[in-house]
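In what follows, a structure is listed as structure tokens, so that the remarks can point back to it.
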Amino acid sequence: MACTGSFCTLLEGLTSPYLWNVLLAVLPIWLFGAVTGYLLPRPKWASEKPLSWTTFFVNTSGLRKFFLAWHGFLILREVWYKITDPGTFRRFCKAVVLWVCGQGWHFDFPSADQPGVPAGFANNTVADKDNWYVTEKDLAFFQYHGEGSGALQGAGPWELLMEKDITNTLKYTSWRRVLPNGKTEYKSITICPDASAEEFIDLYFDDDNRPNWDNMIIQKEVLEHGDFSQRQQVVRWMRRFPFSFISDREYVIARRFFRQGDSLYGITKAVDHPRASREGPVVRVDVYYSMWRSRAVACPWGSGKPAVETTLLHHEQLKIPENLARFAVKHGMWGFVRKMASNVEEFVRKRRARGVAPTAADPLAYGAGYAPNPPMTASQSTSSLTSMGSLSSSITDASSDAGTEGNSGLPRNNKKLKGLAAFVLASTVAMIVHRNAPTGGSETRSRLSTKGPARRYRGRFSDSGRFSDPTSN
């Protein structure tokens with residue numbers, strides 16, 4: 001009989017490789033710390049009488065128990081983070097409170113293989129037809145979260161963020177919601193007059209033209225070309241934000257477009273690439289996706305010409321406190337969109353001046369003329385955004401919530417620091433356990449000094465050499 005339900009989902013998580021990786025990482029550190037603490041000498045105060053309750057947190061057994069319990073809690077917390085979705089404990093506590101209040105039990109563990117994604121969603125996606133970095137699973141992710149309801153367990157509702165309308169130029173509406181891991185996802189609908197979906201795809205994918213409306217781009221390069229008919233590319237950007245609390249950021253992005261009916265879909269997401277080393281002080285944005293659907297709609301201002309409607313779903317983790325990230329997006333969003341819209345008319349005019357029809361593909365679009373050049377040693381990633389949630393929940397949460405750019409920009413160093421901290425804590429606990437262990441050595445020496453054979457030495461020798469014992473009288 002097949003195992004189903006929340007218990008089986010939890011069982012799958014407990015038997016996942018993540019748990020064994022944690023145990024294998026903790027065990028040698030713990031053993032080394034225990035042996036080190038056992039071999040170190042024990043101070044004299046460890047053999048004295050237990051101190052009073054006023055000095056409980058100095059050298060009593062209560063301190064040993066406290067540190068042991070705290071260290072065990074830290075290990076269990078790391079295991080919990082590895083096998084569950086971020087926010088699970090908070091939702092569990094909320095479910096317990098509601099149950100105690102008599103409102104029933106309402107809690108399910110999220111999927112172990114696809115954290116943060118509704119159960120059954122992955123089974124409805126289309127199977128991969130190639131091994132490019134962006135696949136149809138990523139398209140299905142956008143169609144569910146961007147076009148569909150995007151229901152996500154533990155996520156907040158969509159909140160209206162902005163609504164703007166510039167007659168015959170731009171109509172813009174945006175929303176945001178808080179994801180289960182506390183990060184923010186954005187969605188917007190933009191309508192521009194006298195433009196087509198094909199022209200908007202070219203606008204978004206043209207890195208040569210992008211600095212004309214995105215002045216945050218300070219450096220760009222194409223790392224890999226794929227199938228030009230699908231506009232497959234891996235690019236690297238360096239962006240400089242207009243806020244002093246955000247340093248320069250590096251993006252390594254794979255992108256591709258899909259056509260379904262009259263709609264064009266542009267899918268971009270952050271990937272690892274062998275031609276993009278992580279050396280240098282610039283912070284890389286590891287969690288990023290920006291995807292949209294463009295289609296022709298009637299002009300909302302009654303011009304009689306078709307307009308293009310673009311639905312965008314966007315999420316990135318800048319590795320700064322989330323409140324600062326929301327502030328940056330909220331105060332920079334409208335200026336960014338307005339500048340983009342002002343460039344649409346010029347870009348469309350130049351494209352049409354080359355004899356390219358509004359709904360036709362541009363043979364001279366960005367990336368034309370380059371043959372596919374995959375790296376020789378690259379193992380092409382087919383991971384979709386549905387599986388990328390585990391990365392954002394297990395790594396980026398710890399780094400971005402740290403609140404400092406220095407630590408967040410060096411995820412590998414963070415792992416080393418965490419390992420060193422675990423070693424120091426384990427060694428400290430082991431030393432406290434060994435040094436405070438009860439022993440009978442001092443008590444035995446005390447008894448030998450007051451009774452038994454020691455009495456024969458309590459006398460002294462006189463000047464004549466004779467021995468006198470004062471207890472013999």
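Rolling a 1.4 Å probe over the protein heavy atoms gives region 244-387 an accessible area of 48 Å² per residue.
Leaving ligands, DNA and RNA out of it, report the carbon-plus-sulfur percent of the accessible area of region 149-234 at a 1.4 Å probe.
Details: 1540 of 3360 Å².
Carbon and sulfur together cover 46 percent of it.
Over region 178-248, the pair-distance histogram of Cα-Cα distances with 10 Å bins from zero comes to 14, 33, 39, 14, 0 percent, rounded to whole numbers. With a Förster radius of 56 Å applied to the beta-carbon distance between L76 and E221, the computed FRET efficiency rounds to 0.80.
Computed over protein heavy atoms with a 1.4 Å probe, the accessible surface of region 134-187 works out to 41 Å² per residue. Each part reduced to its alpha carbon centroid, region 148-185 and region 288-355 end up 14 Å apart.
What's the extension gain from V35 to A368 if we count 0.36 nm per residue and subtract their Cα-Cα distance?
On the way: separation 333, 0.36 × 333 = 119.88 nm, distance 6.34 nm.
Using 0.36 nm per residue and subtracting the Cα-Cα distance, I get 113.5 nm.
For the residue pairs K164/K339; K171/K330; K220/K339; K94/K137, alpha carbon separations beyond 23 Å are given by K94/K137.
Would you please classify the overall shape of region 138-192 from the alpha carbon gyration tensor, given that a ≥ b ≥ c denote the square roots of the eigenvalues, rounded means a/c under 1.5, and beyond that prolate means a/b larger than b/c while oblate covers the rest? Note, shape of region 138-192 comes out oblate.
Take the Cα of R349, step 7 Å along the line toward its Cβ, and report every residue of region 163-199 whose backbone nitrogen sits under 17 Å from that point. Correct set: 168-170, 193-196.
The values are calculated or read from the model by the stated rules, or taken from the named source; none is laboratory data. These numbers were taken from a predicted model, which means no experiment stands behind them. Note that we place each Cβ from the backbone using ideal geometry, even for glycine, and neighbour counts take in every protein chain shown. Side chains are part of the model used for accessible areas, which takes the heavy atoms of the whole protein and leaves out ligands, DNA and RNA. Shrake-Rupley method; radii C 1.70, N 1.55, O 1.52, S 1.80 Å.
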